[in-house]
Structures are given as C-alpha cells and as structure tokens.
1. What full-extension length gain, to one decimal in nm, is calculated for S171 and D351 as 0.36 nm per residue of separation minus the Cα-Cα distance?
2. At q = 0.13 Å⁻¹, what log₁₀ I(q)/I(0) does segment 281-390 have when each alpha carbon counts as one equal point scatterer in the Debye sum?
3. Separation between the S163 and T109 pseudo-spin-labels, each 7 Å from Cα along Cα→Cβ, expressed in nm?
4. What shape does segment 649-774 have by the C-alpha gyration tensor, where a ≥ b ≥ c are the square roots of the eigenvalues, rounded means a/c under 1.5, and otherwise prolate means a/b greater than b/c and oblate the rest?
5. Quick one: which of K280/K745; K134/K443; K115/K443; K280/K473 span more than 20 angstrom between C-alpha atoms?
6. State the Cα centre-to-centre distance between segment 109-161 and segment 323-360 in whole Å.
7. Among the chymotrypsin sites (Phe, Trp or Tyr not before Pro) within segment 712-762, which fall in a DSSP loop and have no more than 16 other Cβ atoms within 10 Å of their own Cβ?
8. How about segment 241-348: which GluC sites (Glu not before Pro) there lie in a loop by DSSP and see at most 13 other Cβ atoms within 10 Å?
Amino acid sequence: MAEPQAESEPLLGRARGHDCPAAEVARAAVATCRSAQVRGAKGPYSGWVRGGAPGPADLPSRGADFDTQDHPFQNPGPRAVPGMTPGSGLNRPVPGFSGTDEETGPQRTPDERTKAGQELCIDQAVVFIEDAIKYRSINHRMDASAMWLYRWYYSSSCQRILSFTIFLILSLAFVETPSSLTSSSDVRFRIAAWEPPCGLTESVELLCLLVFVADVSVKSYLVGWSQYRNNPWLLAYFVVLGVSLTDWIVSLSLICWETVRIRRLLRPFFLLQNSSMMKKTLKCIRSTLPQMASVALLLALHLCLFTTFGMLLFTGEKEDQLRKERLTYFRNLPEALTSLLVLLTTANNPDVMMPAYSKNRAYSIFFILFTVIGSLFLMNLLTAIIYNQFRGYLMLSLQTSLFRRRLGTRAAYEVLTSLEGGKEDHLQAAGVRPETFLRALQKIHMASHCRQAIMQKVLSQGDRLLSADEFQKLFNEVDKRVIKEHPPRPEYRSPFLRSAQFLFGHYYFDYLGTLIALGNLVSICVFLVLDSDLVPDDRDDFLLGILNAVFILYYQVEMLLKIFALGLWGYLSHLSNLFDGFLTLVLLGLEIATLSVYRFPHSGWKPHTVGPMSLWNMTRLVNILIVFRFLRIIPNIKMMAVVANTLLDLVRNMRAFAGILVVVYYIFAIIGINLFQGVVVAPPGNGSLAPNGSESCGSFEQLEYWSNNFDDFAAALITLWNVMVVNNWQVFMDAYRRYSGPWSKLYFVAWWLVSSVIWVNLFLALILENFIHKWDRRDQHPHSLGTPEASYHSTVELMFRDVLEEPAEDDLLEKLRRHPHLQLCR
C-alpha cells in the first residue's frame, strides 16, 4: 500500500509514469482552474444560495463550452472563449491570452473573474464530494451548466420520479390485457375481468417511455460521447427504448389486438439499468457461469447414465410391479429423464421407487445411489461453487465503494487545493484552507449531523492547511448514523417517588412485562386447543374473558408506570413503547366495546354469537400481537443479536438480489402468459373433479390446482412461486404437458434452474457471507456508554473499514489523470 502523500506535495505530482515536478504542477493546476474561472466569470454559480443547490435562473444564458466533436447532442453554440483550448471541463489557457471577453461580453475586472472562478472551483468540489458520499462515478462533465443538470438529476425529487416511473411501467402488467383484476384466478370460479380500453394503458406507457428517453439523454449528455459509446448499458438503453417505441406504435396501429408484445419482455431492463448494485450482481453471476457449467455437465452425465440404466432395469413385462414402474416413470426416454430430474429435487420421493421397491427391496439401491450422488454431492457442490464465487462479494462491493469515496474526495481536494496554489505564501505547499472547505461544506447535500461533525473536526484543525489524508478522513463521519438521544427522566424530590422511578424504569420491569405477555399468549393458545373440538354453542368463554380483562388491566398499569418513570416524551421516544402503548390502547378500546355489547363475563358467556368477526375474536387476535414484545430482549442475548443483525443487513443488502429476482419473475411470467394462456380450462360441469371421479391420485385435477395457471400476470407469478418451491412441481409439468405439449417441460426446467438452483444458492451465499462477517466481528468495536462513539451507529462500510485495503495514492492519481473531463497535469 502506498504511503500517504505529504502535505507539501501538490496536486498530481506523484502520478505514475509522468514527470510532473511539484512547482510546475502547482502552476499548471492554478492555470487550469483559472482557465475555468475565466469561463465561469459570467457567474453561472455565483447566484447560488448558501447551502442550497443552483436554480435554473443561476445558469448562463448560453450553453457551456462542450466539445462538439465528442458529444452527439451538442448543438451549435457559442464559439470558444478566446484563450481557451476546446474541450469540456477544466481547460488550459492559451499562452498569451490577456483574459478579456471580447466576443462573449464586456471585459471584467480581475477581482470579478477571480471571485467567479473561485465559486466555480468550489462548486466542482461540491459535486465531487456529493459523488463520494453517494459512491457515484466522477467521470462526468464538470462545466457549469452540466454540474447544475447533474445535481438536479441526482436530487431526491428527480430520482423519486424516475423510481416511480419504473414501478409504474412494471405495474402495468397487472392491469393491461389479460387483466389480473379479479378476486380469484381459479378457472372454475373466475369471472370476466375488466379489460382497459385500447389506448389507456398505452398512454401511461408512452409517458413512462418518454421519461426514460429524457433519462438516457441526460445520462449520455453528462458522461460525454466518448464515455457513451464505450458504455454497453447506455447503448442497450437506446436499443431497448427504440424497440419499445416501435412495438408501441405497432400495437396502436393494430388497435391493441396483437397477441405478443415484445416491449413487455424489455420492461425489466429499466429496473436493471437504474441500479449499479444489480449490474454488479449480474457481473458476478456471469463470472460464476463457467464453474456452474462444469457441475451442470456432471449433473447431465449423471442423469443420462442413471436414465439409461433405469430403462434397462425396469423392463419387466410379466411382473406387475415392474411393469407399473416402467409405465408410470420409465415409459420412454423423456419420461425417465423427467422422473429422475424431479427425484434430484426429492419432490417425488419415495413415490418414484415404491412400485419397484414393493417387488424387491434391492431396487431401492438404484434410487438411493442416484439421490446420494446427485442431490447430496453434485447439488451441494454447485452450492459450494456459487458460495466460493460470492464469498468475497460483500467485501468486493465495499472495496469498490471505498475506492469511489476516496477518488471523489481526492478530486475535490485537488480542485480546492488549486485555489491556494496561486498565492505566494502557499506556492510550495499543497493543502486546503479550512475556510475554503467550510464554504464548500455549506453547499453539500448531506445529513445535518454529518455536516456538524465534519465542521467541528475542521475547526479543531485551526488555520493550517488540510492535507489530503486529513481531508479524506473527514468524510468517515458520513458513515455514522446518529443514535436518537432520549429525553431526560423527570426528577422527583420525594425519596419514595425516586425509588419507584428507579424500580419501574429498570429493564427488569421490561422482563416482567415480557413474561406477562407470554402468559397472555399461552392462555389464548390453551383455550384455542381446548375449544377446537367444540361447536360454538357448547363453548364457555367465562374464564378466558376474566383472564383477558386481567391482562389488559396489567398492560394499562404498566404503560402508566413507565410514563411515570420515563416521562411522557421519554416514553414516546422508544419505538418499543410506542408499539406497546398502541396495542394497549387498542386492547382497552376493544375490551370496553366488548363489555358494552356482551356485558361482564359470567357463566355461559358466549360473545362469539354476534357476527362472523365479533369484538371478542378481534380482541383475541390483537392479543396475539403482544408476542412482538419479545423482540425487545433480542439485543440483550448476543447470539440472537447476531442473527437479528444478519437479518436486518439482509433486508438492506438484498435489494440487488431481490431486484434480480423481480426481473427473472417478470420475464418468465410474461413468457408463460404468451405460451400457456388459456390452456388450462375448467372441468366439465364446473365441478372439482370429473363426474366419474376417475382422476388419478396426485394429479393436477385431483389436487384442484386450477388456480395455478398463466391466464393473467398475478396468477403467473403465484404459479412460478409454487414451482420454485419444488414441492409437487412434477404435477405442474405433467399437467401442462397434457394441456399444451411435451415442449412445456423445457419452460419449467429452465425456471427451476434459474430460480431454485441459481438464485436460491445466491441467497444462501449472501446469508453465509453476512453471518460469518457478523459473527467474526461480534466482539469488535464495543461502544461503552458515555463515550462519544456511543452516539453513533456504524454503517456496514465503516464497520469493515479497518479490514479494507486503502486505495494506493498512485492509483487515485492515475485515475484522476485519466478523467475524461478534468484536465489536470496532462
């Protein structure tokens, strides 16, 4: 790892492979920033409100000086400012340039140009720092108008609009033909769904596509032509939009009567391209495919060998049991392959071997060997390969995020350092003045507590220049989350009240409440078991009514005592108390309503007789929610805390994997609708079985799986879920083979491979990765109460910061040297 750069080393003086002496680099950097300042002298950012983002009125009236040869959307704009070489971003001044704006406006005084140029450099640093905070790439245009557009594009409102547009276009599948707006998907009971008129969903879809056109145009403009043509995702974005708009025009021209809409299959791409983590996940999956292919070949060989052996083994014509085995599971090569493939998932075990096993127990050896080799060895080997590939997925993602954080902050440091490079007293020293950085800090969009913490650290440095290492460490505060501080407890003068406050504010009092809630839950379960065999008229709910009233009374007393000990605002500051208090008030309201309707409990009390969902039943259902009280004891048990933290991290880190699953589900559901819509029809007479009851046991019809179809999008999703669980998935394959043809097996096998084999193993690898890291580091970074660190929760990035490798100084400088729109020390 490279040593940190010394404070006196200016700018990019240590970039690899280039001879750039310190003094020359400092002068070049100053000239570079001053060159940009001349162009910024018109005040494109000078009208910014302190701490806020620029507005459209703050932009220059004409476009910035973009490189027209490098960008396809560049309009013929103003000519280059005299004394500037063409190009975007920061440019070098042409020697001999006097600094006048003869063609673009009246000449400004040096002080005006310097002030406007300083604002421009500070705004560039602000954008770089915001990129670092959000782990974004810094390879985008850095001129005035592009920076305003960039910050507007990544603003919360703009990103919410884009996310809502993606959600909206994906949700159209539930409404457009075939519509899912019915209460049941069962072909026997389903009524005709409302179908939107032609042009309704198409209009919404067109609006979404226009938003995506604007999105890809802005992205392409910001990265520039050279970056755009080398970005496969942006190129694919244009292709997908072109195909979608073409298919939309065809759909309207046919008055929405076309049977296949290609653009439906392309919609998940809009979700993929908007998430960098999903792109990384796809890249990891692609790198895993060669290793998975080797195991898949072994599985195919394993299946073929045992299929051939089974067809030769179960050829008996005279023995009834062997004949039944052959006719049921080994009739021909496709049937035998399907039977053993399903056995690989153990979904048809032991059904597949029972006919032969009934004849001779030695036949079981064939099926046991197949299951041991296939399910226990090869399938688990596939799991091991996927986990080995994704073992470093979390750390690799964190390492990439750290590099982007360091690159963005270093770029901001270089820009701010250039402001000091032209001063005589700092000509030989590189660094950022605290007051300069604080000016930039006021404009950065970040959490207020992070801004305050960074500001305090900067002020503690005094007036000396901030070095590159100190500048980067300031932004570790961004990865800290403030723990909400609870209001102070009320102070009582009476010793008795102080003792009572200590008693009822102690965590042992919470344990008592948890035990009482457990007794409440046990009492409800016991009475449910005792009354399960009794008809409603024979039940006597007198005792349970008394117990419920006692428990609810205790909950009221507990809430009041906690308010006494913690104070009202202190009680409300705990989420667990909010949940308990809400349940307590709901229970009290239901109990009062129950007593007002059914009177006080007495012998022969039967409050269940009024309505399908009486107040009494509602009270018992709300009582069950008290079980969530037990979640409060999780942080106090180390092993449970590790497991709970792993689950919470999975929820936060599962977005990329869940997004991949949504994409796969969406694509397979649309394909399933196009292939199998309407193939499952209601049986004659609209009954559950055929009139003669001749359906074979365990078949699609006998199990009444009529709701599992592909007649609409919602039904297709549920059907795919049931197949992914692989319980009885051979029933689905057999039914659709009979209804649509033997080729349908390819669809279900492909879905099994993608969902159950690949995605489930990826999910398992993610669980193991998170749990192992959590468990290995469960005793590290203990925060004792009373320390400053106790006011913060660390994010995952900061938690693993000490085990991540800091990016080498030379790597950062080389990356900055190759920035497509930032010309420093070229």
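1. Fully extending the segment from S171 to D351 adds 60.7 nm.
2. Treating every Cα as an identical point scatterer, log10 I(q)/I(0) equals -0.53.
3. The modelled label-to-label distance comes out at 4.8 nm.
4. Working: a/c = 2.69, a/b = 2.23, b/c = 1.21.
Prolate is the answer for segment 649-774, as a/c is 1.5 or above and a/b outweighs b/c.
5. K280/K745; K280/K473
6. Computed from Cα coordinates, the inter-centre distance equals 66 Å.
7. W743
8. Counting only loop positions with at most 13 other Cβ atoms within 10 Å, the GluC sites (Glu not before Pro) in segment 241-348 are E258, E317.
FYI, it's all coordinate maths here, none of it is from the lab. Given the structure is predicted, the values throughout are model-derived calculations rather than measurements. Heads up, the Cβs are rebuilt from the backbone with ideal geometry, glycines too, and the neighbour counts pull from every protein chain shown.
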